[in-house]
Amino acid sequence: MSSWTLKSIPPHDWFLCLDIDQYFDYEHEPEKVFEEGFRRPIPVGDRDVMVTSFFNGDPENPEFHFESPDALDKDEIEEANKSLSRIFGTNQDLRPLYDQADDDPVLGPLLTEYYGFKRMAHANLFEDTINRIIQMRLSHKPTAKKMVYKVRKNYGSLVTAMGESLPAWPRPHQLIKADPMSIRKLGPTKRKGEFIIGFAEDLLSGERDLQHLETCQPEVFYNTISKVRGIGPTSAQQLMLFRNRPDAVFPSNKKKGKEKGHRRWIILNYGGDPDNTSEEEFQEMIGNWEGYEAAGLEFLFVDWVLSEKEKQQNS
């Protein structure tokens, strides 16, 4: 049994994430997480260990407490913390964004309303990429999440602890043994199976480097990940939001004169015409986001999710 704590850079109110279903996997029930904790397998070296996470509920002095049935030494805890800090965004310092976007007509009010919000991600970019590829173009998210779970169950390690068994996310070396048609039987299309196997092969061959993708400048990330089969412009921008850094780029992606993707959504939020907004005008719109573009967009995202939930409750 191991237990340890990890401090987060304030402000951080993780409980705000419990309303965002998209942040959680098939087996999670956000409404139970408040009391029972957030449980998932975490990669530690060559094995996966079950870790249950608890938040202290203090946005100004945020701290996460972790428990694992495994006896982890100091180095293993440090390794686990790399994944945990990425999942919860504990190393992301958004204080400058609160200062520079305080008067922003769109982002400013959201920074106040969702004070302490930080995005959630998976343990590493490979997990986020698998998740994105399988779920893209699927509108019924419970079904999409179940497909991801089945892929994990078939190719990841099974971790059993405290009477509960959960499949870990498969590593690249586990996925390259897969066959696209076998993945097809789990729900995703054959092409999606080819995409995730292909990405695993790219990482193992050294053609792509996960650490480089995680830490490189946004423009480099976007141009590199866009070349991965199955990752289009919108998916590339989406994956950029989950990295362990708050900046991002939103290149124009017009098709038949119509702006697509995140850029279109941002412009609409600022009351502009996405199809007729110049690069200069767009950069002026998000001038207060500079250096925190990924974080800024997540504030718009959480506001949209909660607004949609409110509409459903009132309908």
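The values are calculated or read from the model by the stated rules, or taken from the named source; none is laboratory data. Computed from a prediction, not measured in an experiment: that's the story for all the values here. Counting neighbours? That spans all protein chains shown, and the Cβs are built from the backbone with ideal geometry, glycine included.
Would you tally the residues in the range 265-280 being without any contact (Cβ under 8 Å) to a residue 12 or more places away in the chain and either aromatic (Phe, Trp, Tyr) or over 21 Å from GLN238 (Cβ atoms) (or both)? Looking only at that region, the number is 5.
Do we have LYS190 as exposed (fewer than 15 other Cβ atoms within 10 Å of the Cβ), modelled with pLDDT under 95 and more than 29 Å from ASN81 (Cβ to Cβ) here? No, not satisfied.
Every residue, every condition in (1) under 20 Å from PHE242 (Cβ atoms); (2) outside the structural domain of ILE130 (by TED's automatic domain parsing); (3) surrounded by fewer than 14 Cβ atoms within 10 Å (Cβ to Cβ), yes or no:
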{"position": "LEU6", "(1), (2), (3)": "yes, yes, no"}
{"position": "ILE9", "(1), (2), (3)": "yes, yes, no"}
{"position": "CYS17", "(1), (2), (3)": "yes, yes, no"}
{"position": "HIS28", "(1), (2), (3)": "yes, yes, no"}
{"position": "LYS32", "(1), (2), (3)": "no, yes, yes"}
{"position": "PHE38", "(1), (2), (3)": "yes, yes, no"}
{"position": "VAL44", "(1), (2), (3)": "no, yes, no"}
{"position": "ARG47", "(1), (2), (3)": "no, yes, yes"}
{"position": "VAL51", "(1), (2), (3)": "yes, yes, no"}
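Here TRP4 clears all of (1) within 29 Å of GLN135 (Cβ to Cβ); (2) touching a helix residue (DSSP H, G or I) at 6+ places or on another chain (Cβ under 9 Å) except the condition numbered (1). Taking the range 26-123 as the region of interest, the strands (runs of 3 or more DSSP E) fully inside it that hold 1 or more residues being under 20 Å from the mean Cα position of the chain (by Cα) and polar (S, T, N, Q) are 47-55. Selection of the range 266-286 for residues being surrounded by fewer than 12 Cβ atoms within 10 Å (Cβ to Cβ) and part of a loop (DSSP other than H, G, I, E, B) yields GLY271, ASP273, SER278. Looking only at residues of the range 300-315 that are assigned to a helix (DSSP H, G or I) and polar (S, T, N, Q), we find that the one that is nearest to GLU219 (Cα to Cα) is SER307. All conditions but one from (1) outside the structural domain of SER139 (by TED's automatic domain parsing); (2) surrounded by 21 or more Cβ atoms within 10 Å (Cβ to Cβ) apply to ALA168; the one that does not is (1).
One residue stands out among those in the range 143-159 that are out of contact with any Leu (no Cβ under 7 Å at 6 or more places or on another chain) and touching a residue at least 24 places away in the same chain (Cβ under 8 Å): the one that is farthest from ALA200 (Cα to Cα), which is THR143. On the basis of being farther than 30 Å from LYS190 by Cβ, free of Cβ contacts under 8 Å to residues at least 60 places away in the same chain and surrounded by 16 or more Cβ atoms within 10 Å (Cβ to Cβ), does MET240 make the cut? No: the conditions fail for MET240. Kindly indicate whether any position in the range 205-216 is modelled with pLDDT under 95, crowded, with 18+ Cβ neighbours inside 10 Å and not hydrophobic (A, V, I, L, M, F, W, C). Yes; the residues of the range 205-216 include at least one that is modelled with pLDDT under 95, crowded, with 18+ Cβ neighbours inside 10 Å and not hydrophobic (A, V, I, L, M, F, W, C). Every condition in (1) over 16 Å from ARG40 (Cβ atoms); (2) of a type outside the set (A, V, I, L, M, F, W, C); (3) touching a Leu at 6+ places or on another chain (Cβ under 9 Å) is met by ASN124 except one, and the failing one is (1).
On the basis of being surrounded by fewer than 18 Cβ atoms within 10 Å (Cβ to Cβ), in contact (Cβ under 8 Å) with a residue 12 or more places away in the chain and closer than 26 Å to PRO188 by Cα, does THR234 make the cut?
Working: surrounded by fewer than 18 Cβ atoms within 10 Å (Cβ to Cβ): yes; in contact (Cβ under 8 Å) with a residue 12 or more places away in the chain: yes; closer than 26 Å to PRO188 by Cα: yes.
Criteria met by THR234.
The set of residues from the range 184-215 being touching a residue at least 40 places away in the same chain (Cβ under 8 Å) and within 13 Å of ILE231 (Cα to Cα) comprises LYS192, PHE195, ILE196, PHE199.
Residues in the range 287-299 that are more than 13 Å from the chain's Cα centre (by Cα) and either part of a loop (DSSP other than H, G, I, E, B) or crowded, with 18+ Cβ neighbours inside 10 Å (or both): ASN288, TRP289, GLU290, GLY291, TYR292, GLU293, GLY296, PHE299.
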